[in-house]
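Novice: Shown below is the structure under consideration.
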Amino acid sequence: MPSDAPIPPRPVVRLRPKAEARAIRHGFPWVYADELVTDRRTGALVPGTIATLEDAERRPLATVTVNPRSKIIARVLDRDPQAQIGRAWIAARIERALALRARLFDAPFYRLVHAEADGLPGVIIDRFGAAAVIQPNAAWAEALIDDIAAALADVTGVEVIVKNGTGRARGLEGLAEETVVLRGALEAPVQVPMNGAIYMADLLGGQKTGLFFDQRPNHAFAARLAGGQRVLDGFSHVGGFGLAALAGGAAGTLAVDASAPALALARQGAEAMGAGDRFATRQGDAFATLEALAQEGAQFDLVICDPPAFAPSKQALQAGLRAYERIARLAAPLVAPGGYLALCSCSHAADLTQFRNASARGIGRGGRRGQLLHTGFAGPDHPMLPQLAETGYLKALFFRLDG
């Protein structure tokens, strides 16, 4: 299209009369399906369509992306109703995100884009040195994945870009699962230095993007408790807390996970650190393994349990809280007198108070009492959008248990 050609008009969608336009004006990034006028024209829009959002009085509010198949029917991309969404716009958002991470970290291993909090709704980008993984969890990002990849390469210079199209969020958007290398080539897991440890990230076959950067500050706090201690890392994945504990001088770490490939990567990380002789693994269901360790009379000075999200939605909240309580009940007896217990939740549906109460109940039912020493959250490369509670999902509680 010639540069002087007129820009074709784009669709307009409108809030219902009782919808709260003020929330959008004040920064809330989502419009739910029952808040939007969903006539035949709107319902026929292709998922990921860019549109102008108007309030009930037809006053323009913002530029949004629309997905009639999703309960979140519109996501705010830009508060400018005339914003043009393309490669240049995406690059500007990535540049802003990069400026923050470059100030926070001295090496390019971090979450580069944290979805709505970085102005790219539904888009996760984790950076692993010269490689990056994009999770396009919203229909607009799937439609513009080539522009996102190009902008990412232009801004950061990364040579390898992976699209990880898996996970619950994509299912809610009606998107198919697909993981593919968009640029460059990957031949082996990527070494990631963090908190003095070395992690091995499988960018193609691992969970999420291959590594959980969000726990970085909580790994560091655990490492402060680990010097000379016996450590149990439950739900260890690729050794997140366990390898950090080894870097902190732990006498030894036992990593427990259901995934043999994840434990193999954890073992590679320990060996790369020169700590293979202090690292052991045990494959199996974490709940069953905690019970088995108790029957064996095992004791550890520091026990960490970092399970997957047991309460990913409000519907799963009560069952999730019971699962967190059970973990605390099973883990508490494994802590030696005066030792430490760390319990984590990445469930946004379970708020901090609910998670803390469930953990405290479990510790009590495990026959122990404890002091709450520290409450941790995600690192600053996972910023929160104040208007969106879901962006503050991670909680980590550190207890010192009685003698």
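The values are calculated or read from the model by the stated rules, or taken from the named source; none is laboratory data. The structure presented is a predicted model; accordingly, all values stated were derived computationally and were not measured. In this analysis, Cβ positions are derived from the backbone assuming ideal geometry, glycine residues included, and neighbour counts consider all displayed protein chains.
Novice: With in contact (Cβ under 8 Å) with a residue 40 or more places away in the chain and either within 27 Å of PRO136 (Cβ to Cβ) or surrounded by fewer than 23 Cβ atoms within 10 Å (Cβ to Cβ) (or both) as the only criterion, which of GLY276, GLY184, GLY269, GLY252 stands out?
Specialist: On inspection, the qualifying residue turns out to be GLY184.
Novice: Turning to a different aspect of this structure: Here is a list: ARG69, ARG96, ARG101. Which entry is under 25 Å from the mean Cα position of the chain (by Cα), on the phi < 0 side of the Ramachandran plot and at pLDDT below 95?
Specialist: ARG69
Novice: Let me ask another. On the given criteria, is PHE377 of a type in the set (Phe, Trp, Tyr) and more than 29 Å from ALA102 (Cα to Cα)?
Specialist: Spelling it out, it is not the case that PHE377 is of a type in the set (Phe, Trp, Tyr) and more than 29 Å from ALA102 (Cα to Cα).
Novice: Also, quick follow-up: I need the full set of residues from segment 335-382 which are surrounded by fewer than 20 Cβ atoms within 10 Å (Cβ to Cβ), aliphatic (A, V, I, L, M) and in contact (Cβ under 8 Å) with a residue 40 or more places away in the chain, in order please.
Specialist: Answer for segment 335-382, where residues must be surrounded by fewer than 20 Cβ atoms within 10 Å (Cβ to Cβ), aliphatic (A, V, I, L, M) and in contact (Cβ under 8 Å) with a residue 40 or more places away in the chain: ALA336, LEU352.
Novice: Report every pair of residues separated by at least 6 positions or lying on different chains whose Cβ atoms are under 8 Å apart, first residue within segment 279-303 and among the basic types (Lys, Arg), second part of a strand (DSSP E or B) and buried (at least 20 other Cβ atoms within 10 Å of the Cβ).
Specialist: That search, which allows pairs on different chains as well, returns ARG282/LEU254; ARG282/ALA255; ARG282/VAL256.
Novice: What's the total number of residues in segment 89-135 that are part of a helix (DSSP H, G or I) and of a type in the set (D, E, K, R)?
Specialist: 7
Novice: Since ALA62 meets every condition but one in (1) within 28 Å of the chain's Cα centre (by Cα); (2) part of a helix (DSSP H, G or I), which condition does it not meet?
Specialist: The single condition ALA62 does not satisfy is (2).
Novice: Right, ARG127: in contact (Cβ under 8 Å) with a residue 60 or more places away in the chain and crowded, with 21+ Cβ neighbours inside 10 Å or not?
Specialist: no
Novice: Could I ask something else about it? Just for segment 193-224: of the residues that are among the hydrophobic types (A, V, I, L, M, F, W, C), closer than 21 Å to LEU394 by Cα and not in a loop (DSSP other than H, G, I, E, B), which one is nearest to the chain's Cα centre (by Cα)?
Specialist: Per the stated criteria, the residue is PHE213.
Conditions (1) surrounded by 13 or more Cβ atoms within 10 Å (Cβ to Cβ); (2) touching a Lys or Arg at 6+ places or on another chain (Cβ under 6 Å), marked per residue:
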residue	(1), (2)
VAL12	yes, no
ARG16	yes, no
ASP39	no, no
ALA44	no, no
PRO47	yes, yes
ASP80	no, no
TRP89	yes, no
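Novice: Let me ask you something else. Using the structure shown, decide if GLU177 is surrounded by fewer than 21 Cβ atoms within 10 Å (Cβ to Cβ), closer than 30 Å to ALA270 by Cβ and of a type in the set (Asp, Glu). Full working, then the answer.
Specialist: Numbers: surrounded by fewer than 21 Cβ atoms within 10 Å (Cβ to Cβ): yes; closer than 30 Å to ALA270 by Cβ: no; of a type in the set (Asp, Glu): yes.
So GLU177 does not fit the description; no.
Novice: Could you list all residues from segment 385-403 that are outside any strand (DSSP E or B) and either among the small types (Gly, Ala, Ser) or at pLDDT 95 or above (or both)? Break it down into steps so the answer makes sense when it comes.
Specialist: Quick first cut of segment 385-403, residues outside any strand (DSSP E or B) only: 385-394, 402-403.
Within segment 385-403, ALA389, GLY392, LEU394, GLY403 qualify.
Novice: Of all the residues that make up segment 113-124, how many are touching a residue at least 60 places away in the same chain (Cβ under 8 Å) and within 12 Å of the chain's Cα centre (by Cα)?
Specialist: Total satisfying the criteria: 3.
Novice: Here's a check for you: in segment 330-384, which residue that is among the polar types (S, T, N, Q) and touching a Pro at 6+ places or on another chain (Cβ under 9 Å) is modelled with the highest pLDDT?
Specialist: Ranking the candidates gives SER345 first.
Novice: Now for a different question. When you scan segment 13-59, how many residues do you find that are part of a loop (DSSP other than H, G, I, E, B) and not hydrophobic (A, V, I, L, M, F, W, C)?
Specialist: 15
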